[in-house]
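> Handing you a structure now.
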Amino acid sequence: MKIWLISLILTSTYSFAGILPEKLEDTLVCKKEIIKIVSKIGVKEEWIRIAESHEGTFIFRAPTKKFGSWVEIHSGPHPMLLTFSNKKTRRQVWQKDSCKVKELKDLAPLKFLTRKAKNSFRDQELSKLINSKKPTLIYIWSPSMIYSFRQMKDFITAAKETGVNFLPLHDNEEPIKFVKAALKHAKLNINTRPMVSLELIMRGADLHYPASFVVGKGKISEKIFGVKPVDFLVDDIKEILLKFKQSERRER
């Protein structure tokens with residue numbers, strides 16, 4: 001479920017420098033016009049640098065104040081602003097010289113959101129888990145990535161040892177027969193559901209499998225990338241839970 005075909009995928013996160021990503025503060029074309037729209041939308045967290053093309057175009061993404069809605073800036077001579085939600089995608093492009101709107105179009109939502117997957121896991125349910133008192137380890141895997149199902153038991157063990165719930169979700173592009181075959185091969189007797197969550201996709205859940213997140217107490221962690229030994233996973237989860245607790249104290 002790759003949204004963009006990009007030359008280089010990055011995971012660097014940049015802190016706020018006003019409204020825009022720090023990297024674009026001095027170079028973004030039509031900066032004033034874009035700031036006006038982004039300010040109105042409202043960005044909730046730090047901007048994430050998603051990619052950089054050969055031409056020096058940067059792509060940054062951030063969640064908005066409305067859960068299940070994200071904004072994405074594409075720099076370059078004709079800058080583009082994309083806003084994603086479960087209902088639609090809005091694309092706005094500016095002309096280089098005049099900074100007049102070259103294109104403003106409402107498009108269909110991202111393709112993966114329109115698939116009718118049985119018992120799928122969507123943003124409404126993710127929101128409930130995020131706001132629950134007991135944290136959950138969300139584990140996203142794919143039958144096409146062998147170690148993502150072979151090593152799933154390690155994540156189940158780590159969840160038990162840290163006292164969090166475990167929720168397995170699979171790539172919804174994979175046929176269910178392959179999902180069942182992978183679980184049988186790994187000798188896993190668990191229920192797994194197709195992942196159809198814009199929030200998780202925007203956080204890079206589909207870039208590589210497995211991808212894991214700890215959610216709960218009003219928070220969602222950064223992505224846990226790939227597989228690790230149980231001891232390492234336990235340490236990672238404990239560190240995330242500690243950050244959740246410290247954040248909770250500051251917010252009181």
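The values are calculated or read from the model by the stated rules, or taken from the named source; none is laboratory data. Since the model is a prediction, treat every value here as computed from it, not as a measurement. All Cβ positions, glycine included, derive from the backbone under ideal geometry; neighbour counts span all protein chains shown.
> What number of residues within the stretch 19-32 satisfy the criterion of being in contact with a Leu (Cβ under 9 Å, 6 or more places away or on another chain) and either outside any loop (DSSP other than H, G, I, E, B) or surrounded by fewer than 19 Cβ atoms within 10 Å (Cβ to Cβ) (or both)? Show your work before the answer.
In the first step, residues of the stretch 19-32 are kept if they are in contact with a Leu (Cβ under 9 Å, 6 or more places away or on another chain); the result is 20-21, 28, 31.
When the remaining residues are screened for being either outside any loop (DSSP other than H, G, I, E, B) or surrounded by fewer than 19 Cβ atoms within 10 Å (Cβ to Cβ) (or both), the result is 20-21, 31.
The qualifying residues number 3.
> Can you tell me which residues in the stretch 141-174 are among the β-branched types (Val, Ile, Thr) and either modelled with pLDDT under 95 or not in a helix (DSSP H, G or I) (or both)?
Going through the stretch 141-174, the residues among the β-branched types (Val, Ile, Thr) turn out to be 146, 156-157, 162, 164.
Once the filter is applied, which keeps residues that are among the β-branched types (Val, Ile, Thr) and either modelled with pLDDT under 95 or not in a helix (DSSP H, G or I) (or both), the stretch 141-174 yields only Val164.
> Please find, among Leu183, Leu207, Leu242, the residue that is at pLDDT 95 or above and surrounded by 14 or more Cβ atoms within 10 Å (Cβ to Cβ). Break it down stepwise before answering.
Details: Leu207 fails: at pLDDT 95 or above; Leu242 fails: surrounded by 14 or more Cβ atoms within 10 Å (Cβ to Cβ).
Result of the check over Leu183, Leu207, Leu242: Leu183.
> Something else about it: Give Lys184, Lys177, Lys116, Lys102 a once-over and let me know the one that is assigned to a loop (DSSP other than H, G, I, E, B) and of a type in the set (Lys, Arg). Quick ask: steps written out before the conclusion?
Details: Lys184 fails: assigned to a loop (DSSP other than H, G, I, E, B); Lys177 fails: assigned to a loop (DSSP other than H, G, I, E, B); Lys102 fails: assigned to a loop (DSSP other than H, G, I, E, B).
It is Lys116.
> Going through Arg115, Arg91 one at a time, which residue ends up being basic (Lys, Arg) and at pLDDT 95 or above? Walk me through how you get there before you give the answer.
On the way: Arg115 fails: at pLDDT 95 or above.
So the residue among Arg115, Arg91 that is basic (Lys, Arg) and at pLDDT 95 or above is Arg91.
> Now for a different question. Can you say whether Ser221 is buried (at least 18 other Cβ atoms within 10 Å of the Cβ) and without any contact (Cβ under 8 Å) to a residue 24 or more places away in the chain, as far as the supplied structure shows?
Working: buried (at least 18 other Cβ atoms within 10 Å of the Cβ): yes; without any contact (Cβ under 8 Å) to a residue 24 or more places away in the chain: yes.
The answer is yes for Ser221.
> Going by the conditions given, is Ile146 surrounded by 21 or more Cβ atoms within 10 Å (Cβ to Cβ), assigned by TED's automatic domain parsing to the domain that holds Glu199 and touching a helix residue (DSSP H, G or I) at 6+ places or on another chain (Cβ under 9 Å)? Give the derivation first.
Numbers: surrounded by 21 or more Cβ atoms within 10 Å (Cβ to Cβ): no; assigned by TED's automatic domain parsing to the domain that holds Glu199: yes; touching a helix residue (DSSP H, G or I) at 6+ places or on another chain (Cβ under 9 Å): yes.
So Ile146 fails the test.
> Go through (1) in contact with a helix residue (DSSP H, G or I) (Cβ under 8 Å, 6 or more places away or on another chain); (2) buried (at least 17 other Cβ atoms within 10 Å of the Cβ); (3) closer than 23 Å to Ile237 by Cα for Thr157 and report which single condition fails.
That leaves (2) as the condition not met.
> Among the listed residues Ile73, Ile34, Ile41, Ile48, which satisfies the condition of being touching a Lys or Arg at 6+ places or on another chain (Cβ under 6 Å), aliphatic (A, V, I, L, M) and at pLDDT 80 or above?
On the way: Ile73 fails: touching a Lys or Arg at 6+ places or on another chain (Cβ under 6 Å); Ile34 fails: touching a Lys or Arg at 6+ places or on another chain (Cβ under 6 Å); Ile41 fails: touching a Lys or Arg at 6+ places or on another chain (Cβ under 6 Å).
Testing whether each residue is touching a Lys or Arg at 6+ places or on another chain (Cβ under 6 Å), aliphatic (A, V, I, L, M) and at pLDDT 80 or above leaves just Ile48.
> Name every residue in the stretch 120-135 that is over 26 Å from Val71 (Cβ atoms), surrounded by fewer than 19 Cβ atoms within 10 Å (Cβ to Cβ) and not small (Gly, Ala, Ser), in order of residue number.
Selection gives Lys133, Lys134.
> Now for a different question. Condition first: surrounded by 18 or more Cβ atoms within 10 Å (Cβ to Cβ), free of Cβ contacts under 8 Å to residues at least 40 places away in the same chain and within 30 Å of Leu129 (Cβ to Cβ). Can you find one or more residues in the stretch 33-41 that meet it?
no
> Quick check on the stretch 94-119: of everything there that is crowded, with 17+ Cβ neighbours inside 10 Å and in contact with a strand residue (DSSP E or B) (Cβ under 8 Å, 6 or more places away or on another chain), which residue is nearest to Arg193 (Cα to Cα)?
Here is the first cut: in the stretch 94-119, the ones crowded, with 17+ Cβ neighbours inside 10 Å are 94, 110, 112-113.
Restricting the remaining residues to those that are in contact with a strand residue (DSSP E or B) (Cβ under 8 Å, 6 or more places away or on another chain) gives 94, 110.
Details: Trp94: 40, Leu110: 19 Å.
Restricting to residues being crowded, with 17+ Cβ neighbours inside 10 Å and in contact with a strand residue (DSSP E or B) (Cβ under 8 Å, 6 or more places away or on another chain), the top hit is Leu110.
> Among (1) closer than 20 Å to Gly204 by Cα; (2) part of a loop (DSSP other than H, G, I, E, B), which single condition is His78 missing?
The one condition His78 does not meet is (1).
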